Ligand code: FAD
């Protein structure tokens, strides 16, 4: 059989590797529009900030290395511009030569990702130092600009994961940073009172945080950012990180079903409305694991998991994708924020009744140095104990608690089961009653 993969990074590269592991004979062709494959998107902000010192460290696999290791036909600088479903071919444009050709497939896997939203803000075209961040060339551009032009003042627009990470990394480089967010809170996956802890921390670090305000225009070739409120911000560099949108053009043109939020629609086997075409990663609409409602969650875990499932399904294995919890984590200067499942905002919107629990236990035994309270929030059904979601903010041990709770949700455990989780304890790590146990005790 012959499988064509569109996109050679998180989802695409995972699919290719797994396909080869399952079938030595299959013909596997992976097309990537860019120059690089399988790079570490998630590490990009930290390379700009200097925490990751070596550029090579971002390049998880090279084209030659991966092609040889997995016996793949990898074609970079090659954009798939059309899917010809009736012929079961794709039209590919080799970007350097602009030559196009057709390539046939038995199965097609789409993993084209999501692209940064770049609205037509007045003055954006003239502003040369407004950057978005998605890939290695974006990273090189931002890093070179910071290294060579030595900007002093940065304006980061958007308080999501990438915006916050960029604010922190530019701050690390010694820039004066202003972070602008249109909503009343940063970090949408958590609720307001959890984000408020981060607001304070970010401000304590000397970052100017402006909430409930957006960009109205870039003036003076982007040297000045005018906000909706009328506030003027000087900017030597601007990072635009207001979200991403699924790259659905190819699928749309091919007549595949697209969801309301722009994600390609798939079934539980990750097949699109054409069963020989699969779609995965940031480009698809997924089912919310807790509520079953359609949503768009652009994260690396789902892309990797889905890539593997697709490869398994193509090889006749009985596998299903059961939905996305949206488990996520970010470093916010010295603090960590993490969440899994639904937050209060979502539950309210869906009209689901829930109980809220807030506790602030120490991350590990309070008598052992370095213990800090973890703000832990749990959302659950009072009657059945069903866990809807959890959020945590703190300096230490946040990742572990959210991961345990994410596991509990996937394992179908209820809030009543939490006291019974037997978790590892010694004073440097936890308490004999772990914060997750505590949450269970308080809830019951
Ligand atoms: P991508 O990895 O974006 O790959 C899609 C590829 O397809 C692209 O390289 C694109 O060029 C190519 N392509 C698109 N269309 C075509 C076409 N027609 N022909 C050929 N090639 C095409 N997630 C986390 O979970 N944790 C993190 O800490 C985290 N940090 C991030 C930091 C940054 C700066 C960014 C940008 C993302 C981060 N993410 C993080 C998100 C994570 O990287 C994505 O969820 C993941 O990469 C999605 O995988 P994908 O395969 O769907 O898309």
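Coordinate-derived values only; no laboratory data. Everything numeric in this text was worked out from a predicted model, so none of it was measured. Note: ideal-geometry Cβ built from the backbone for every residue, glycine included; neighbour counts use all protein chains shown.
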Once R0 is set to 25 Å, what does the formula 1/(1 + (r/R0)^6) return for the Cβ-Cβ distance between residue 348 and residue 208, expressed as a FRET efficiency to the nearest 0.05?
0.25
So what does log10 I(q)/I(0) come out to for the chain at q = 0.13 Å⁻¹, using the Debye formula with one equal point on every Cα and no solvent?
-1.27
Where is the GNM fluctuation largest for the chain (alpha-carbon springs, 10 angstrom cutoff): 53, 127, 67?
53
Relative contact order for the chain: what is it in percent, counting Cα pairs under 8 Å that are at least 6 residues apart?
13 percent
Please report 224, 286 as a ranked list, fewest other C-beta atoms within 10 angstrom at the top and most at the bottom.
224, 286
Within the chain, helix-based [θ] at 222 nm, where runs of 4 or more DSSP H residues each add -39,500 (n - 2.57), nearest 500:
-7500 deg cm²/dmol
Span from the region 352-373 Cα centroid across to the region 274-323 one, whole angstrom:
33 Å
Taking the square root of 5 times each eigenvalue of the Cα gyration tensor, what semi-axes in Å does the equivalent ellipsoid of region 90-131 have, largest first?
33, 16, 8
Checking 370, 160, 259 against a Gaussian network model of the chain (alpha-carbon springs below 10 Å), the top fluctuating residue turns out to be 370
Segment residue 223-residue 257, length gained on full extension (0.36 nm per residue, minus Cα span)
8.0 nm
For region 142-200 versus region 24-78, the gap between their alpha-carbon centres in whole angstrom:
27 Å
Taking the Cβ-Cβ separation of residue 384 and residue 334 as r and a Förster radius of 25 Å, what is the calculated FRET efficiency to the nearest 0.05?
0.10
Suppose R0 equals 45 Å; then what is the FRET efficiency for residue 366 and residue 147 from their Cβ-Cβ distance, rounded to the nearest 0.05?
0.55
Can you sort 407, 384 from fewest to most other Cβ atoms within 10 Å of each residue's own Cβ?
384, 407
Distance histogram in 10 Å bins (all Cα pairs of region 247-388, percent per bin):
10, 31, 28, 20, 8, 2, 0
Ratio of Rg to Rh for region 256-298, alpha carbon only, Kirkwood?
0.93
Compute the distribution of all C-alpha to C-alpha distances in region 1-64, in bins of 5 Å from 0, and list the percent of pairs in each, rounded to whole numbers.
4, 16, 25, 19, 15, 10, 6, 4, 1
